[in-house]
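K.L.:
This is the structure, below, for whatever I ask next.
The values are calculated or read from the model by the stated rules, or taken from the named source; none is laboratory data. As the structure is a prediction and not an experimental result, all values here were calculated from the model. Ideal geometry is used to build each Cβ from the backbone, glycine not excepted, and the neighbour counts take in all protein chains shown.
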Amino acid sequence: SKDTIILGIETSCDETAVAIVKNGTEIISNVVSSQIESHKRFGGVVPEIASRHHVEQMTLVLEQAFDEGQITWNEIDAIAVTEGPGLVGALLVGVNSAKALAFAKQKPLVGVHHIAGHIYANRLEQEFDFPLLALIVSGGHTELVIMKEHGQYEVIGETRDDAAGEAYDKVARMLGLPYPGGPHIDRLAHEGKETIDFPRAWLEDGSYDFSFSGLKSAVINKIHNAKQRGEMLKDEDIAASFQASVVEVLTKKTLRAAKEYKVKQVIVAGGVAANKGLRTALANAFSETDIPLYVPPLSLCTDNAAMIAAAGTINYWNGKRAGLDLNANASLLL
Ligand code: KG4
Ligand code: ZN
């Protein structure tokens, strides 16, 4: 049968990304233009700046995706775009670009949930085997999701306050590290030791929810009190102790959920999936089970459009179509 070739567009946060993917599994091209440098001096993503960058970059990134893929519009079956969640002004640039292209090129339009994209980044590497458990850990999300079939998502746990990546970025900021702080904390953690016993938020018995704001406050208090007492605290040890808390909770809850739901596969997604401490802890935990664990390569962990095209392929095959009235939805549910 004929191949399905999908153009993906992603602009939910600070990456302007366009990709072309075949059959939801094969990357033809994958172009990401990061704005991190523009946001660094503000210590986080500034929504207005993000929207403007997306507008400036979109045409270039789109052209590059076609150039790199050596593909023409004739070969594209549909356009998939992130409709939410994310920064509304940023999302709108992608949604409006996709709508204009769908109209001009007479192609079907498909809306994609950003988290579904992060999950489907894994299918670019490894075919899914259901039921599967996905741990999504990014700057905006911390979720455990059960999938029994393609395109079906059951959220069994989520953060009640900060996302894991958000906690990393906030702690990094306290330590004077640049945005985004996750990779810096990860690096420092490997040079330090777990000398501080930070809390683990297990929540109620059996809960798969997460909470990271208490941990963040504990880190702030620790740094503050040490300063007042003239106590020497090494940044490396703070990072190692903080990371140990985050990683232990994420790993244990993921392992427990995988066993309870008797899944055939565990996949990890989102920017924090790039974390070396988390990757090692999960690999160790699952090596003692017969459940295979898959973690995408670093380039597919952080925001990109190949993952949006991959998830969009499933929506397209399932007959889901968006109209030219498609709107950005900052708080879209999975
Ligand atoms: O998925 P992503 O690129 O964007 C969102 O959808 O949020 O995730 C970005 C988040 C940031 O919070 C960043 O600090 C975090 O992922 N991150 C990491 C690492 N690399 C990126 N956190 C911990 N360790 C890392 N190595
Ligand atoms: Zn993301």
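K.L.:
Criterion first (assigned by TED's automatic domain parsing to the domain that holds T142, surrounded by fewer than 18 Cβ atoms within 10 Å (Cβ to Cβ) and more than 24 Å from G181 (Cβ to Cβ)) does E260 satisfy it?
P.N.:
Criteria met by E260.
K.L.:
Across region 217-233, which residue is nearest to D186 (Cα to Cα) among those that are of a type outside the set (A, V, I, L, M) and out of contact with any Leu (no Cβ under 9 Å at 6 or more places or on another chain)? Don't jump to the end; show me each part of the working.
P.N.:
Going residue by residue through region 217-233, those that are of a type outside the set (A, V, I, L, M) are 217, 221-222, 224-225, 227-231.
Filter once more, keeping what is out of contact with any Leu (no Cβ under 9 Å at 6 or more places or on another chain): 217, 221, 224-225, 228-231.
Details: S217: 19, N221: 21, H224: 22, N225: 24, Q228: 27, R229: 27, G230: 26, E231: 24 Å.
Applying the filter and picking the extreme gives S217.
K.L.:
W73 passes all but one of (1) closer than 21 Å to G182 by Cα; (2) out of contact with any Ser or Thr (no Cβ under 9 Å at 6 or more places or on another chain); which number fails?
P.N.:
Looking at each condition in turn, W73 falls short on (1).
K.L.:
Any idea which of (1) in contact with a strand residue (DSSP E or B) (Cβ under 8 Å, 6 or more places away or on another chain); (2) more than 21 Å from Q57 (Cα to Cα) is the one H114 doesn't satisfy?
P.N.:
If we test H114 against (1) in contact with a strand residue (DSSP E or B) (Cβ under 8 Å, 6 or more places away or on another chain); (2) more than 21 Å from Q57 (Cα to Cα), just (2) comes out false.
K.L.:
Please go through region 86-101 and give me each residue that is small (G, A, S) and either within 13 Å of ligand 1 (Cβ to nearest atom) or not assigned by TED's automatic domain parsing to the domain that holds E15 (or both), ordered by number.
P.N.:
G86, A90
K.L.:
Which residue, of L324, L332, is in contact with a strand residue (DSSP E or B) (Cβ under 6 Å, 6 or more places away or on another chain), part of a loop (DSSP other than H, G, I, E, B) and surrounded by fewer than 22 Cβ atoms within 10 Å (Cβ to Cβ)?
P.N.:
Numbers: L324 fails: in contact with a strand residue (DSSP E or B) (Cβ under 6 Å, 6 or more places away or on another chain).
It is L332.
K.L.:
Being part of a helix (DSSP H, G or I) and of a type in the set (D, E, K, R): is that true of D237 here? Outline the logic, then answer.
P.N.:
On the way: part of a helix (DSSP H, G or I): yes; of a type in the set (D, E, K, R): yes.
Considered against the rule, which asks whether it is part of a helix (DSSP H, G or I) and of a type in the set (D, E, K, R), D237 comes out as yes.
K.L.:
Could you please let me know if V21 is in a strand (DSSP E or B), more than 16 Å from ligand 1 (Cβ to nearest atom) and in contact (Cβ under 8 Å) with a residue 40 or more places away in the chain?
P.N.:
For V21, the condition - in a strand (DSSP E or B), more than 16 Å from ligand 1 (Cβ to nearest atom) and in contact (Cβ under 8 Å) with a residue 40 or more places away in the chain - is met.
K.L.:
Also: Within region 57-85, count every residue that is over 28 Å from A330 (Cα atoms) and surrounded by fewer than 17 Cβ atoms within 10 Å (Cβ to Cβ).
P.N.:
Filtering region 57-85 down to residues over 28 Å from A330 (Cα atoms) leaves 66-75.
Of the ones still in play, those that are also surrounded by fewer than 17 Cβ atoms within 10 Å (Cβ to Cβ) are 67-68, 70, 72-75.
So the count comes out to 7.
K.L.:
When region 250-294 is examined, which residues are found to be within 12 Å of ligand 1 (Cβ to nearest atom) and assigned to a loop (DSSP other than H, G, I, E, B)?
P.N.:
Hits for region 250-294 are G270, N275.
K.L.:
Do any helices (runs of 4 or more DSSP H) entirely within region 102-196 hold 3 or more residues that are more than 16 Å from ligand 1 (Cβ to nearest atom), farther than 20 Å from A305 by Cα and not aromatic (F, W, Y), and if so, which?
P.N.:
Details: elements: 114-120, 164-174, 182-189.
Ranges flagged: none.
K.L.:
In region 100-126, how many residues are more than 16 Å from I291 (Cβ to Cβ) and away from ligand 2 (no atom under 14 Å from the Cβ)?
P.N.:
15
K.L.:
Residues in region 64-71: is at least one within 16 Å of ligand 2 (Cβ to nearest atom) and touching a strand residue (DSSP E or B) at 6+ places or on another chain (Cβ under 6 Å)?
P.N.:
no
K.L.:
Evaluate the following for I9: is it in a helix (DSSP H, G or I) and either more than 17 Å from V110 (Cβ to Cβ) or within 16 Å of ligand 2 (Cβ to nearest atom) (or both)?
P.N.:
Against the criterion (in a helix (DSSP H, G or I) and either more than 17 Å from V110 (Cβ to Cβ) or within 16 Å of ligand 2 (Cβ to nearest atom) (or both)), I9 does not qualify.
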